[in-house]
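A.B. asks: Could you have a look at this structure, given as structure tokens, before my questions?
The values are calculated or read from the model by the stated rules, or taken from the named source; none is laboratory data. Quick caveat: nothing in here was measured; it's all calculated off a predicted structure. Positions of Cβ are backbone-derived with ideal geometry, glycine not excepted, and every protein chain shown enters the neighbour counts. Just so you know, the surface numbers come from the protein's heavy atoms only, side chains and all, with ligands and any DNA or RNA stripped out. Shrake-Rupley method; radii C 1.70, N 1.55, O 1.52, S 1.80 Å.
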Protein chains: 2
Amino acid sequence: MTELSGAADSASPPRAPNIRDVAKAAGVSHQTVSRVLNDHPSIREATKERVLQVMEQLQYRPNRAARTLVTSKSRTIGILAATSASHYGPASSIGAIQDAAREAGYYVSTANMHNTETSGIQDALNHLVSQSVEGIVVIAPQKRVFDVISELQVSVPYVTMQSSSDSPHTVSVDQRGGARLATRHLIERGHRMIYHLAGPQDWIEAEERMAGFLEEMSAQDIPTTAPILGDWSADFGYRAGRELLRFRDFTAIFSSNDQMALGLIHAIRDEGLDCPRDVSIVGFDDIPEAAHFWPPLTTVRQDFTELGRRCVAQLLGNISEPEVVNIEGITAELVVRGSTAGPSF
Amino acid sequence: MTELSGAADSASPPRAPNIRDVAKAAGVSHQTVSRVLNDHPSIREATKERVLQVMEQLQYRPNRAARTLVTSKSRTIGILAATSASHYGPASSIGAIQDAAREAGYYVSTANMHNTETSGIQDALNHLVSQSVEGIVVIAPQKRVFDVISELQVSVPYVTMQSSSDSPHTVSVDQRGGARLATRHLIERGHRMIYHLAGPQDWIEAEERMAGFLEEMSAQDIPTTAPILGDWSADFGYRAGRELLRFRDFTAIFSSNDQMALGLIHAIRDEGLDCPRDVSIVGFDDIPEAAHFWPPLTTVRQDFTELGRRCVAQLLGNISEPEVVNIEGITAELVVRGSTAGPSF
DNA sequence: GCGGCCGATGTGACCGTGCACATATCGGTG
DNA sequence: CACCGATATGTGCACGGTCACATCGGCCGC
């Protein structure tokens, strides 16, 4: 642990002004000042103005700690994030969460899980709880996280995003439906031998996409092989692609995200083959770069920003018309580009 | 503004235990409990153990607001981020900042700027200051941010990252050196007509990279054209590429980041040309996907994670050997891949 | 044997704010 | 003009920690 050095520039007075200082200067009681701060209705306009003026003059800033102490409301929500938070999707959602929270007058504090061990989750969770956050958005929808949260008996409301599990604490894109769209697209193009490159086993969203894939395949009576479990990275996609292409027993691959799809395309090319001529590829997420891949990637778009906003809305119990809320609210959308075509044989 | 609903599960008792509750249960004074919390040296081992046990039993959690109130140390640092925070680089750094801060016992709160207007910066800054953060990391190195910070007379220490300006509040990768490496690489391959696709005008790092480009060109006595100012996005890279290629008066482009480079390559292909045969491209950042682009992208790698760590270290005044610190500490590294070759004519 | 010192612990005040309650002020009413 | 209720403002206390200082033994040295 280390200490933060003193203020940067100004040789500030030893103590910042508080409401009593303001009160004295304005010739009112501290309570009146407090009322001004909290927009209390029964306060005379003239008084209010005078107080506000003094505040301005004294550079008064309310002390959040004091307020939190007495109200026991921290006005802070926490984000529990996986290391994957540097990816486009999660990062976008986090941004949206922060914005939505701020708009609602809340602060946001973030903690990353260092690993997917129970201890890593616990540490991060403790870190958040210890600042008495009023709610938590879990953005690392790994199954284990649920267990840890319930095991710890966290007494804080929480929401997880991007999963479609049976938990009530969930805001999600319809991952399963999106995966079915992607799969159906390949089938409609005539593919019958389709692989699925899935995300990590313990990610709920990976599981949902896999489930969607299997559902659609089975609905169309097409036999499937076991999905490959990846780690979301382009590197993994490349290695998996090289491996798979040793036996060319497929004509299309549905990848669980765009990065892995990019790796697959790379592998296809390095094997002297062509996408989409020899192998069609569909991704998932529609990251902004996907349209500029070669070939431009057919993928499933999800609205990460909306997702983040909804998380906060749900956490704050502020969804405009609660009865109408569609739990699977945000639908995914297929974006067809150049990486898919009919099979060449 | 909305209120957060009550605790999720447990019908918790009206009040959480405080140090006096613990003290009573352990048969000591509240101050002794406080000493245990703060690892005070002169406390008997037996007493300490007893207190700790009671804490465990009562599920005691120290109240951060109370501690902050009395010590006036919030143990929180703020991150002031641009919307670009969803990009790989900034997101990685933010993750590293959060981890480093937590390791040092600090909490992290993040605020995004909604726009680059003064008001947007001010709002975000106020949001951070109002929670009495002890320090701020600015991760949106736009020049205007500096102005606003100094104008507001923010009395909080701050550090900005990814700029190499003359400000003392800076931790940076050697952007300029990296840009020179990239440019020199193109020159060494024989290119003489080289364009630069820069980042937004008001970004310090964009400026630095541009400066590096111009420096190297001038050092080698090669005439330059005015750089194009982009917005970091692949989309812009694509549009700029299409535009530029109407006059093929160049054989190479140095792009200020990898995303725009991707868009350029896409444009080159759409014009029926080939990268690197007709045009060589160099990017900047080395995002994880760059190795899997087609062609794999020659680019300049910077260590975002280390950057984030150093920001926190600097902010906490914890750099191990202050005298030895190299302000330009983190060097950038050229990664040569397939997108560069000699000019074809 | 006694003063002094040190380690271990206790006592009370205080940090800045909001809440419950008390009090003043004012206009209208019978 | 006494009385009522509503509006506007003031008074003390509580929140849960930490800090400064007081207290209390025991041990040491002369």
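A.B. asks: Quick one: if the Förster radius is 35 Å, what FRET efficiency do B:SER218 and B:ARG246 give, using the C-beta to C-beta distance and rounding to 0.05?
C.D. replies: Given R0 = 35 Å and the Cβ-Cβ separation, E is 0.80.
A.B. asks: Using a 1.4 angstrom probe on protein heavy atoms only, which residues from the range A:280-311 are buried by at least 50 Å² of accessible area when all chains are present rather than their own chain alone?
C.D. replies: Relative to the lone chain, where solvent access is computed with a 1.4 Å probe, the range A:280-311 loses at least 50 Å² at A:GLU289, A:HIS292, A:TRP294.
A.B. asks: Quick one: length gained pulling A:LEU152 to A:ARG239 fully straight, 0.36 nm per residue minus the C-alpha distance?
C.D. replies: Contour length minus the Cα-Cα distance gives 27.5 nm.
A.B. asks: If I build a Gaussian network model for chain A, linking alpha-carbon pairs within less than 10 angstrom, which residue out of A:ALA65, A:ALA332, A:ALA140 has the largest mean-square fluctuation?
C.D. replies: Answer for the Gaussian network model of chain A: A:ALA65.
A.B. asks: Oh, and also: Name the long-range amide H neighbours of B:GLY230: under 5 Å, sequence gap of 5 or more, or other chain; modelled H, no Pro or chain starts.
C.D. replies: For B:GLY230, the qualifying residues are B:ALA198, B:GLY199.
A.B. asks: Straight-line reach from B:LYS24: which lysines have a Cα under 25 Å away, not including same-chain ones fewer than 8 places off?
C.D. replies: B:LYS48
A.B. asks: Right, next: Based on alpha-carbon positions alone, could you give the equivalent ellipsoid semi-axes of the range A:19-62 from the gyration tensor, as √(5λ), descending, whole Å?
C.D. replies: For the range A:19-62, the semi-axes come out at 14, 10, 10 Å.
A.B. asks: Sticking with this structure for a sec: Mind checking which of B:HIS40, B:VAL22, B:VAL51 is farthest towards the positive end of the range B:19-62's charge dipole, using Cβ charges of +1 (Lys, Arg) and -1 (Asp, Glu) about the Cα centre?
C.D. replies: Farthest towards the positive end: B:VAL22.
A.B. asks: Still on this structure: Taking the Cα-to-Cβ direction at A:ASP202 and at B:GLU103 and moving 7 Å from each Cα, how far apart do the two end points lie in nm?
C.D. replies: Computed distance between label sites A:ASP202 and B:GLU103 equals 2.2 nm.
A.B. asks: So what is the accessible area of the protein assembly as shown per residue, in Å², with the probe set to 1.4 Å?
C.D. replies: The answer is 43 Å² per residue.
A.B. asks: Another one. Going by alpha carbons, how many degrees (0 to 90, nearest 10) lie between the helix axis of A:304-315 and the longest principal axis of chain A?
C.D. replies: Long axis of A:304-315 versus the principal axis of chain A: about 50 degrees.
A.B. asks: If amide H atoms are built 1.01 Å from N in the plane of the peptide, which residues on other chains or at least 5 residues away come under 5 Å of the amide H of A:VAL300?
C.D. replies: A:GLY283, A:PHE284, A:ASP285, A:ASP286, A:VAL335
A.B. asks: OK, next. Report the accessible surface area buried between chains A and B, summing both sides, using a 1.4 Å probe on protein heavy atoms only, in Å² rounded to the nearest 100.
C.D. replies: 6200
A.B. asks: Which distance in Å, rounded to a whole number, links the C-alpha centroids of the range B:34-79 and the range B:172-211?
C.D. replies: Cα centres, the range B:34-79 to the range B:172-211: 51 Å.
A.B. asks: Cα-based Rg (one decimal) and Dmax (whole number) for the protein assembly as shown, in Å?
C.D. replies: Gyration radius and largest Cα-Cα distance of the protein assembly as shown: 27.6, 89 Å.
A.B. asks: With θ taken as phi - 60° and the coefficients 6.51, -1.76 and 1.60, list the Karplus ³J(HN,Hα) couplings across the range B:190-206 in order, rounded to whole Hz; mark glycine and proline as x.
C.D. replies: Values, residue by residue: x, 6, 10, 10, 10, 9, 10, 9, 8, x, x, 3, 8, 8, 5, 5, 5 Hz.
A.B. asks: Right, something else. Please compute the average number of Cβ atoms from other chains found within 10 Å of each residue's Cβ in peptide A:255-265.
C.D. replies: Mean partner shielding for this stretch: 2.
A.B. asks: What is the set of long-range amide H partners of B:THR76 at a cut-off below 5 Å, with H atoms built 1.01 Å from backbone N?
C.D. replies: B:TYR107, B:GLU134
A.B. asks: Additional query: Take every DSSP beta bridge whose two residues both sit in the protein assembly as shown, then give the antiparallel share in percent to the nearest 5.
C.D. replies: Counting DSSP beta bridges with both partners in the protein assembly as shown, the antiparallel share is about 15 percent.
A.B. asks: Mind checking Rg over Rh on chain A, alpha carbons, Kirkwood formula for Rh?
C.D. replies: Radius of gyration relative to Kirkwood radius: 1.13.
A.B. asks: Right, something else. If each label sits 7 angstrom from Cα along the C-beta direction, how far apart, in nm, is B:LYS143 from its counterparts in the other copies?
C.D. replies: List, nearest first: 5.5 nm.
A.B. asks: Can you pull the three principal axis extents for the Cα set of the range B:200-343, in Å, largest first?
C.D. replies: Extents along the principal axes: 54, 34, 27 Å.
A.B. asks: Less than 19 Å apart at the alpha-carbon level, and either on another chain or at least 8 residues along: which aspartates and glutamates does that give for B:LYS73?
C.D. replies: Straight-distance partners of B:LYS73: A:GLU3, A:ASP9, B:ASP39, B:GLU103, B:GLU134.
A.B. asks: Still on this structure: May I ask you to evaluate 6.51 cos²θ - 1.76 cosθ + 1.60, the Karplus curve with θ = phi - 60°, for each residue of the range A:280-292 and list the ³J(HN,Hα) values in order in whole Hz, giving x for glycine and proline?
C.D. replies: Coupling constants for the range A:280-292: 8, 10, 10, x, 8, 2, 6, 5, x, 7, 4, 5, 10 Hz.
A.B. asks: I would also like to ask the following. Got the A:ASP39 label distances to the other copies yet, label 7 Å along Cα→Cβ, in nm, shortest first?
C.D. replies: 4.5
A.B. asks: Only helical DSSP H runs with n ≥ 4 go in: add -39500 (n - 2.57) per run for chain A, normalise by residue count and round the 222 nm mean residue ellipticity to 500 deg cm²/dmol.
C.D. replies: Calculated at 222 nm, the ellipticity per residue is -12500 deg cm²/dmol.
A.B. asks: Assuming R0 = 60 Å, what is the FRET efficiency of B:ARG184 and B:SER29, from their Cβ-Cβ distance, to the nearest 0.05?
C.D. replies: 0.30
A.B. asks: Take the alpha-carbon positions of the range B:71-171, form their convex hull, and give its projected area averaged over all directions (one quarter of the hull surface) in nm².
C.D. replies: Projected over every direction and averaged, the Cα hull of the range B:71-171 covers 6.1 nm².
A.B. asks: Moving on. Give, ordered by residue number, each residue of the range A:119-133 whose 1.4 Å probe accessible area is reduced by a minimum of 50 Å² on adding the remaining protein chains to the chain alone.
C.D. replies: Residues of the range A:119-133 that lose at least 50 Å² of accessible area once the other chains are added: A:HIS127, A:SER130, A:GLN131.
A.B. asks: What residue among A:GLY95, A:GLY27, A:GLY241 shows peak mean-square fluctuation when chain A is described by a Gaussian network model with Cα springs under 10 Å?
C.D. replies: Between A:GLY95, A:GLY27, A:GLY241, it is A:GLY27 that shows the largest mean-square fluctuation.
A.B. asks: Also, quick follow-up: Between copies, how close do the A:SER155 label points come, placed 7 Å along Cα→Cβ, listed in nm from shortest?
C.D. replies: A:SER155 label point versus its equivalents elsewhere: 3.6 nm.
A.B. asks: Just to be sure I understand: with springs between alpha-carbon atoms less than 10 Å apart, which residue in A:TYR88, A:TYR60, A:TYR238 has the highest mean-square fluctuation in the Gaussian network model of chain A?
C.D. replies: Sorting by GNM fluctuation, first place goes to A:TYR60.
A.B. asks: If I model a spin label as a point 7 Å beyond the Cα along the Cα-Cβ vector, how far apart are those points for B:GLN53 and A:ASP39 in nm?
C.D. replies: 5.2
A.B. asks: Which whole-Hz couplings ³J(HN,Hα) result when phi for each residue of the range A:174-179 is put into the Karplus expression 6.51 cos²θ - 1.76 cosθ + 1.60, θ = phi - 60°, listed in order with x for Gly and Pro?
C.D. replies: Those phi angles translate into 6, 4, 5, x, x, 5 Hz.
A.B. asks: Calculate how many DSSP beta bridges within chain B are antiparallel, expressed in % of all such bridges and rounded to the nearest 5.
C.D. replies: For chain B, the DSSP antiparallel bridge percentage is about 15.
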